[in-house]
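> Sharing a structure here in structure tokens format.
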Amino acid sequence: MSESASSLSVVRDVDSLRRRLKDWRSANQTIALVPTMGALHTGHMALVEHAKALADEVVVSIFVNPTQFGPDEDLAAYPRSDSEDWELLAAADVGLLYMPDASVMYPEHFQTDVKVIKVSQGLCGDHRPGHFDGVATVVTKLLLQALPDYAVFGEKDYQQLVVIKRLVADLDIPVDIVGLPTVRELDGLALSSRNAYLSEPERAIAPALYKELSAVASDISNGAESSERCAQAAEALLKAGFNTVEYVDARDAETLMPLTSHGKPARVLAAVTLGKARLIDNVPVL
Ligand code: AMP
């Protein structure tokens, strides 16, 4: 698609973003924001489609946020596909793409950190020190820059979604946070930009993560003791060929605290590594 055939425009700084959003607001249009790190896939586009159904206008942000990557993580290697992303968003009839660079988000003298204390601890928080501070800070900035009516996120990054809901409530940011179910490949593997790191044999192993989590969720809902069942699942994942299992855990779906009683909504969450990829997934206990 040529740039002229589409109504998608790109802004790269906060003033231009706000000018464009002000025009929409003056025309009484509601706005939904879909924050991403690019390398867009069908999972991201499901968020975009939902955002279009929720609001009159949609702005998608693409920003590979350096502060949420640890020093030994994949910031430099993180997949980027700007022109394909542009094509996908234009074809989806998105109005605005916000692509700030790091100097816009973190100008000289930047020194503020948003830290959501409890729900950032445990699970991925234990394995990626500082990750959720980076996420909380950048999402707070994106929300305050755009002040959308809605912001749409995936349950794929379940702990991140809980962190964001908490910070929006705690900081009285006037936005509805909408969480959407994970979009999966036919074999169950959750779509992720990081799946691009998987070799063919690793790709064949990867769906075992979802299968195992689904089995754990079903066993817990049938009365299995959750920590014992999660420990068995971790063993099974290693046997299936994953290199490491960072955690498999069942938690309260709202607070992410350890499960104390049956009956409250629960979630089984896991993080594993497979070759160069770190994969996360989670499923509800129904
Ligand atoms: P990312 O670009 O990976 O930071 O993701 C941007 C947004 O897309 C986040 O809200 C993710 O939770 C969401 N997302 C990523 N993968 C999926 C998926 N497979 N299904 C639904 N949402 C997803």
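> List the number of the failed condition for PRO174; all other conditions in (1) crowded, with 20+ Cβ neighbours inside 10 Å; (2) farther than 23 Å from VAL272 by Cβ; (3) out of contact with any Ser or Thr (no Cβ under 8 Å at 6 or more places or on another chain) hold.
Answer for PRO174: the failing condition is (1).
> Another question, then. In region 114-137, is there at least one residue being in contact with an Asp or Glu (Cβ under 8 Å, 6 or more places away or on another chain), touching a residue at least 12 places away in the same chain (Cβ under 8 Å) and among the basic types (Lys, Arg)?
Yes, the conditions are met somewhere in region 114-137.
> Another question about this same structure. Report yes if ARG25 is in contact (Cβ under 8 Å) with a residue 24 or more places away in the chain and open to solvent by 30 Å² or more (accessible area, probe 1.4 Å), otherwise no. Reasoning before the result, please.
On the way: in contact (Cβ under 8 Å) with a residue 24 or more places away in the chain: no; open to solvent by 30 Å² or more (accessible area, probe 1.4 Å): yes.
When the stated conditions are applied, ARG25 does not pass them.
> Still on this structure: Residues in region 111-134 that are open to solvent by 40 Å² or more (accessible area, probe 1.4 Å) and closer than 25 Å to ILE31 by Cβ: how many?
1
> Given the options LEU256, LEU209, LEU213, name the one that is crowded, with 17+ Cβ neighbours inside 10 Å, outside the structural domain of GLY38 (by TED's automatic domain parsing) and part of a loop (DSSP other than H, G, I, E, B).
Values: LEU209 fails: part of a loop (DSSP other than H, G, I, E, B); LEU213 fails: part of a loop (DSSP other than H, G, I, E, B).
None of the other options fit; the residue is LEU256.
> Please enumerate the residues belonging to region 165-201 that are within 9 Å of the ligand (Cβ to nearest atom), touching a residue at least 40 places away in the same chain (Cβ under 8 Å) and among the basic types (Lys, Arg).
Passing the criteria: only ARG194.
> Any residue in region 40-57 that's over 21 Å from SER83 (Cα atoms): show its pairings with residues that are hydroxyl-bearing (Ser, Thr, Tyr) and more than 10 Å from the ligand (Cβ to nearest atom) at Cβ separation under 7 Å, as long as the two are six or more apart or on different chains.
Cβ pairs passing all conditions: ALA51/TYR150; LEU54/TYR150; ALA55/THR30; ALA55/TYR150; ASP56/THR30.
> Considering each of GLU87, GLU108 in turn, give the residue that is away from the ligand (no atom under 16 Å from the Cβ) and either under 25 Å from HIS127 (Cα atoms) or surrounded by 15 or more Cβ atoms within 10 Å (Cβ to Cβ) (or both). Show your work before the answer.
Numbers: GLU108 fails: either under 25 Å from HIS127 (Cα atoms) or surrounded by 15 or more Cβ atoms within 10 Å (Cβ to Cβ) (or both).
Criteria check complete, one pass: GLU87.
> Within region 186-224, track down each residue that is on the phi > 0 side of the Ramachandran plot and modelled with pLDDT of 95 or more.
In the first step, residues of region 186-224 are kept if they are on the phi > 0 side of the Ramachandran plot; the result is 188, 223.
Across region 186-224, the qualifying residue is only GLY188.
> Given the structure, is ARG251 assigned to a strand (DSSP E or B), surrounded by 14 or more Cβ atoms within 10 Å (Cβ to Cβ) and not assigned by TED's automatic domain parsing to the domain that holds VAL163?
Considered against the rule, which asks whether it is assigned to a strand (DSSP E or B), surrounded by 14 or more Cβ atoms within 10 Å (Cβ to Cβ) and not assigned by TED's automatic domain parsing to the domain that holds VAL163, ARG251 comes out as yes.
> Let me ask you something else. Based on this model, can you work out whether LEU161 counts as modelled with pLDDT of 95 or more, assigned by TED's automatic domain parsing to the domain that holds PRO35 and open to solvent by 40 Å² or more (accessible area, probe 1.4 Å)? Don't jump to the end; show me each part of the working.
Working: modelled with pLDDT of 95 or more: yes; assigned by TED's automatic domain parsing to the domain that holds PRO35: yes; open to solvent by 40 Å² or more (accessible area, probe 1.4 Å): no.
No.
> Is it true that some residue in region 37-49 is more than 16 Å from the ligand (Cβ to nearest atom) and closer than 24 Å to GLY134 by Cα?
Going residue by residue through region 37-49, those that are more than 16 Å from the ligand (Cβ to nearest atom) are none.
Checked against the condition, which is being more than 16 Å from the ligand (Cβ to nearest atom) and closer than 24 Å to GLY134 by Cα, region 37-49 yields no hits at all.
> Considering region 146-158 alone, what residues qualify as being surrounded by 21 or more Cβ atoms within 10 Å (Cβ to Cβ) and either part of a helix (DSSP H, G or I) or β-branched (Val, Ile, Thr) (or both)? Before you say what the answer is, go through the steps one by one.
Filtering region 146-158 down to residues surrounded by 21 or more Cβ atoms within 10 Å (Cβ to Cβ) leaves 146, 148, 151-154, 156, 158.
Selection gives ALA146, VAL152, LYS156, TYR158.
The values are calculated or read from the model by the stated rules, or taken from the named source; none is laboratory data. Keep in mind that what you see is a predicted model, and the values were worked out from it rather than measured. Every residue, glycine as well, gets a Cβ built from its backbone with ideal geometry; the counts of neighbours run over all protein chains shown. Surface areas here come from the heavy atoms of the whole protein model, side chains and all, with no ligands, DNA or RNA. Shrake-Rupley method; radii C 1.70, N 1.55, O 1.52, S 1.80 Å.
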